[in-house]
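Engineer: Would you mind keeping the following structure in view while I ask a few things?
Values quoted throughout were computed directly from the atomic coordinates according to the rules given, and no laboratory measurement underlies them. All figures in this text were calculated on a predicted structure; none of them were measured in a lab. Cβ coordinates were reconstructed from backbone atoms using ideal geometry, including for glycine residues, and neighbour counts include every protein chain displayed.
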Amino acid sequence: TDKNLTNLIKKYEPDPKWEFPRNQLEIEQTLGEGEFGRVLRAEATNINGNNGVTTVAVKTLKDDARETELNDLLSEYHLLKEVSHPNVIKLLGVCTTPGGPIYLIIEYAEHGALRNYLRKSRNIRISHIAQTPEDQEGKTSHYDEPKTCQITPKEILAFAWQISNGMAYLSSVKLVHRDLAARNILLAKDKICKISDFGLTRDIYEDNAYFKRSKGRVPVKWMAPESLQDHIYTTKSDAWSFGILLWELVTLGASPYPGIAVQNLFHLLKQGYRMERPNNCSPKLYQMMRNCWEVLPENRPSFQVLSSRLEKMLGDGV
Ligand code: ACK
């Protein structure tokens, strides 16, 4: 239709406020790769009011990406332009002019994806040993070095609180994430959580959490029953996903509903089945998960309520 065409043209129109010269961007390495997308690390000179060189992350498409992936990347760009919160990933610039690949330049998160970080924290010793050069040379490794990367229960709560704060902000500006999961949270300097990959970018990256459908991959195990059944997405379906994210946090990045096939999940949820309390999870935090997994969306807590409860739990040390 005419309206769609107008929107499309608008999407491709360079915005001088955000446009960044490609020759001021020095690509250094690939951080991650999906089916059609790629995240690169780069050094940007004089970007977004920062004088000198800034390490940034660059989202781009692979050569075989289709029109839809391009659209998704541009959608994310236009969405990111409008948001600003310490717990939401920040847009720094964009390269959309002809004569080169499309680059979405976002802030660099030094600890990478939260899910990977949580999983790495489980066997920090092993990964540490494997990486020491002394190891390769056959010398003694830093075996007794303190586990500086170990995650404490308090940190888990702090992560949950930060993510909830970011989500409260997004819901206040009427944005529904639709793909809230630990793999889409980035961990920046000082262990600050940044919600990322929102908009329609969810089918860019390969992940077996997604169930193939005509519209791409669907993160079934993070989805509320009403999203699975009627494709309804609201801040309350985001709250359901947040409950799953809490479970990912306490299990240090485990895959939800272990042993359950995605095909059976909807039926089980309808029957009232829910994941049980993980061993190391406090009853209070588990109660929060269960509140998020209420079958009726209106019975789930808002992110404002979740934030204040988490804040109180942080203060009480439970
Ligand atoms: O854990 P990671 O290294 O952190 O693996 C994923 C990978 O790219 C695919 O998403 C990394 N990544 C994505 N965005 C950023 C970013 N803004 N800063 C740092 N790493 C990023 C992520």
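Engineer: Would you mind calculating the relative contact order of the range 212-280 from Cα pairs under 8 angstrom and at least 6 residues apart, reporting the percent as a whole number?
Structural biologist: 31 percent.
Engineer: How large is ³J(HN,Hα), in whole Hz, for each residue of the range 237-251 in order, when computed from phi with the Karplus curve 6.51 cos²θ - 1.76 cosθ + 1.60 and θ = phi - 60°, using x for Gly and Pro?
Structural biologist: 6, 4, 4, 4, 4, 4, x, 5, 4, 4, 5, 4, 5, 5, 8
Engineer: Using the Kirkwood formula over every pair of different C-alpha atoms, what hydrodynamic radius in Å results for the range 37-102?
Structural biologist: By the Kirkwood definition, the hydrodynamic radius is 13.2 Å.
Engineer: Which residues in the range 79-103 have a backbone N closer than 13 Å to a point placed 7 Å from the Cα of residue 15 along the Cα-to-Cβ line?
Structural biologist: Only 79-84, 91-96 pass the distance filter.
Engineer: Based only on other Cβ atoms within 10 Å, what is the fewest-to-most ordering of 30, 234?
Structural biologist: Sorted ascending by nearby Cβ count, the order is 30, 234.
Engineer: For the residues 275, 289, 167, 223, what sequence is obtained by ranking on other C-beta atoms within 10 Å, fewest first?
Structural biologist: 275, 289, 223, 167
Engineer: Another question about this same structure. Would you work out the relative contact order for the range 247-309, in percent, from Cα pairs under 8 angstrom that are 6 or more residues apart?
Structural biologist: Once normalised by length, the contact order is 25 percent.
Engineer: Could you give me the ³J(HN,Hα) list for the range 173-179, computed from phi with Karplus coefficients 6.51, -1.76, 1.60 and θ = phi - 60°, whole Hz, x at Gly and Pro?
Structural biologist: These are the phi-based 3J(HN,Hα) values: 9, 6, 9, 10, 6, 6, 9 Hz.
Engineer: Given H placed on each backbone N at 1.01 Å, which residues far from residue 102 in sequence or on other chains put an amide H within less than 5 Å of it?
Structural biologist: 61
Engineer: Within 10 Å of each residue's Cβ, count the other Cβ atoms and sort 274, 290 from fewest upward.
Structural biologist: Ordered by Cβ neighbours within 10 Å, fewest first: 290, 274.
Engineer: For the range 221-311, list log₁₀ I(q)/I(0) at each q in 0.17, 0.23 Å⁻¹, using the Debye formula over Cα point scatterers of equal strength and ignoring solvent, two decimals each.
Structural biologist: -0.69, -1.27
Engineer: How far, in nm, would the chain grow between residue 231 and residue 308 when pulled straight, counting 0.36 nm per residue and subtracting the alpha carbon separation?
Structural biologist: 24.8 nm
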